[in-house]
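Here is the structure we will look at, set down as structure tokens.
The values are calculated or read from the model by the stated rules, or taken from the named source; none is laboratory data. The shown structure was predicted, so the numbers you read here are calculated from the model rather than taken from an experiment. Note that we place each Cβ from the backbone using ideal geometry, even for glycine, and neighbour counts take in every protein chain shown. Note: accessible area is taken over every heavy atom of the protein model, side chains too, but ligands, DNA and RNA are not part of it. Shrake-Rupley method; radii C 1.70, N 1.55, O 1.52, S 1.80 Å.
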Amino acid sequence: MLAPKERKSLGLQRVAVIILALGSVLAASLFSVDAFRVKVLNFFMETKPEYTEFRLEESKERRNDEKVVDWSNSYMPTYVPEGYTVEFSENGSAIKSILFQNAEGKIIDYTQHTEAANFNYDTESASSREITVNEKGGTLIVKEGTYSIVWKYEKSIFVVMTQIDEQETLKIAENIKFMK
């Protein structure tokens, strides 16, 4: 016969084993449910030298640190030169923007302003001239190694700003298409 202290210890061990077994079964069950597993596994903390990113979202598969622009019913660039990846995107009601960057640090900035948005563009000490973008009038602005094209289409004003050259900037602008 066991002493009361030994029975209590044995009882606590049994309870601990039962809790551990139930916890394991519960965890296995929960992780077998796709929705729960996605939520848990997508809670990541990604530490970078400049910041730490926390996210809890159902995200599309990404390669390495590639960001995804998942817009629908919007105008988007369908051409971007090789080597550029998405660094930032914003899909607001008045402004939509995508910032691309290459390994050399050169950027391509695409912005769509709706009729609800007003903005100013810095043209001090810049050269500018009228151009045509997909049969619509636009303005090419060149300032300090950046090429910007601004044009209006339907009820939006579009801006493509690059650190590449005039021809590539125009090619990007001409390939802004409505994506369903």
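Pick out the one residue from K96, K155 that is open to solvent by 80 Å² or more (accessible area, probe 1.4 Å) and in contact (Cβ under 8 Å) with a residue 24 or more places away in the chain. So the residue among K96, K155 that is open to solvent by 80 Å² or more (accessible area, probe 1.4 Å) and in contact (Cβ under 8 Å) with a residue 24 or more places away in the chain is K155.
Taking segment 70-84 as the range and being open to solvent by 50 Å² or more (accessible area, probe 1.4 Å) and either of a type in the set (K, R) or modelled with pLDDT under 95 (or both) as the test, the residues that pass are D70, S72, N73, T78.
Residue count for segment 99-120 satisfying the condition of being in a strand (DSSP E or B) and out of contact with any Pro (no Cβ under 7 Å at 6 or more places or on another chain): 10. Checked across segment 121-132, the condition of being out of contact with any Cys (no Cβ under 9 Å at 6 or more places or on another chain), open to solvent by less than 60 Å² (accessible area, probe 1.4 Å) and part of a strand (DSSP E or B) holds for at least one residue. Restricted to segment 74-93, and to residues that are outside any strand (DSSP E or B) and touching a residue at least 12 places away in the same chain (Cβ under 8 Å), which residue is nearest to K155 (Cα to Cα)? Here the answer is S93.
Hey, can you tell me all the residues within segment 99-114 that are of a type in the set (A, V, I, L, M, F, W, C) and loosely packed, with under 15 Cβ neighbours inside 10 Å? Outline the logic, then answer.
If we filter segment 99-114 for residues that are of a type in the set (A, V, I, L, M, F, W, C), which is where we start, we get 99-100, 103, 107-108.
Hit for segment 99-114 is A103, nothing else.
Of the numbered criteria (1) within 18 Å of P81 (Cβ to Cβ); (2) modelled with pLDDT under 95; (3) among the hydroxyl-bearing types (S, T, Y), the one T162 fails is (2).
Summed over segment 133-151, the residues that are more than 25 Å from the chain's Cα centre (by Cα) and either in a loop (DSSP other than H, G, I, E, B) or under 20 Å from T78 (Cβ atoms) (or both) give a count of 7. When the residues of segment 158-180 are narrowed to those that are part of a strand (DSSP E or B), open to solvent by 50 Å² or more (accessible area, probe 1.4 Å) and not basic (K, R), which ends up farthest from Y75 (Cα to Cα)? The selected residue is M179.
In the set (1) among the charged types (D, E, K, R); (2) surrounded by fewer than 17 Cβ atoms within 10 Å (Cβ to Cβ); (3) under 15 Å from D165 (Cα atoms), the condition left unmet by E87 is number (3).
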